[in-house]
Amino acid sequence: MDITTTALNTLSATLLVVDDVPGNLTVLGELLHDAGYQVKAANSGRAALRYAAQPPHPDLILLDVMMPEMDGYQVLARLRADLATDSIPVIFLTALNDTQDEERGLELGAADYITKPFHPALVLARVRTQLEAKRAQDWLTGQNAYLEAEVARRMAENDLIQRVSIRALAHLAETRDPETGNHILRTQNYVHTLATRLKDHPRFAAFLTERNIELLTRSAPLHDIGKVGIPDHILLKPGKLTPEEWEVMKTHAKIGADAIKQAEVDVAEPVPFLILAQEIAHWHQEKWDGSGYPDGLAGDAIPISARLMALADVFDALISVRVYKPALPFDQVRDIIAAGRGSHFDPDVTDTFLAGFDEFVAIAQCYHDG
């Protein structure tokens, strides 16, 4: 900030002078006007509050302490209680010469004191000092607002880049498996809905915070990213896989998790959404009874993120057309999911899904392929 420019800018300031004695208003008004300031005058506390609240607000108030009906202390308290006037600096005008009175005014928020009778040079010096301090404070406030807005803009930009990057990676995996269509959007919404419905459940509440629900939703599209590492003759095979081919297919979970883990290693610091993305990619094929893959985890040893994804993924696979099967009707799929309660799926996750089944059907229909 250029101090010279700031000093010059104070000459265009508007000052409000408050005093119940007409002679004092005249003396101060002429002194300040001759110095180049815009001057408003009020002869009572109530008039002062009215003028102060009217835009454009004064840049500085010179306020008499001893006034009838409403004294300067009361006026200052009212100014500080109003958001429109609480930042206007106030210089008290007083004939008193008691440090207790000065302390009381400063405690209430006065910026300075000028005692009567007035000394022109002192008045002008203190007015200029307070105006320059106000200009500096306004400049800092403006800078802080700008910086906060810039930080918010860059965070939003980074957030958008992250979302686009996730979606691009997920679509890359889908290009290897063109039958999946809107699978990403559907499973992402299934996971979000499951998590939201479970967030107050005693078993899940500690983990399913608003932040983790957001991260889970953001991470879900990467659950099958490991399929980019599966050979085409296996991934795109129209018929049933041989046992050997199935073993290769199952490696997509670890391939995806390892790729996400390496990305985190490359940036040399933990990235919260990548941690959940890695869990989902690695363990979304695990089953509650331990018969899943790749690690045969069972029960609560399976991360919550993967348990939600497991049900979402199976539901969507069952209702979707594949080269090896037709799409199954919703009622039949519901029965299959219910039958998997406690074996394939976490019992409480299954119950929540079944209780909100119509909502999941609506998501499936909203993002229906073709």
Of the residues in segment 237-280, those that are at pLDDT 85 or above, over 12 Å from Gly226 (Cβ atoms) and of a type in the set (A, V, I, L, M) number 3
Hey, could you check segment 248-267 for residues that are closer than 12 Å to His223 by Cβ and of a type in the set (Gly, Ala, Ser) and say which is surrounded by the fewest Cβ atoms within 10 Å (Cβ to Cβ)?
Ala257
Among the numbered conditions (1) within 27 Å of Pro238 (Cα to Cα); (2) part of a helix (DSSP H, G or I), tell me where Ala306 comes up short.
(1)
Select, from Ala48, Ala84, Ala41, the only residue that is buried (at least 21 other Cβ atoms within 10 Å of the Cβ) and either in a strand (DSSP E or B) or assigned by TED's automatic domain parsing to the domain that holds Leu108 (or both).
Ala48
Residue match in segment 288-298 (condition: surrounded by 16 or more Cβ atoms within 10 Å (Cβ to Cβ), touching a Lys or Arg at 6+ places or on another chain (Cβ under 9 Å) and within 21 Å of Arg186 (Cα to Cα))
no
Just the residues that are surrounded by fewer than 21 Cβ atoms within 10 Å (Cβ to Cβ), among the aliphatic types (A, V, I, L, M) and touching a Leu at 6+ places or on another chain (Cβ under 9 Å), please, taken from segment 14-38.
Leu31, Ala35
Of those in segment 316-359 that are of a type in the set (Ser, Thr, Tyr) and surrounded by 16 or more Cβ atoms within 10 Å (Cβ to Cβ), the residue farthest from Ile302 (Cα to Cα) is Ser320
When every residue in segment 212-233 that is free of Cβ contacts under 8 Å to residues at least 24 places away in the same chain, in a helix (DSSP H, G or I) and surrounded by fewer than 18 Cβ atoms within 10 Å (Cβ to Cβ) is compared, the one farthest from the chain's Cα centre (by Cα) is His233
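The values are calculated or read from the model by the stated rules, or taken from the named source; none is laboratory data. Treat the numbers as computed from the prediction; the structure is a model and nothing was measured. Here the Cβ is made from the backbone with ideal geometry for all residues, glycine too, and neighbour counts use every protein chain on show.
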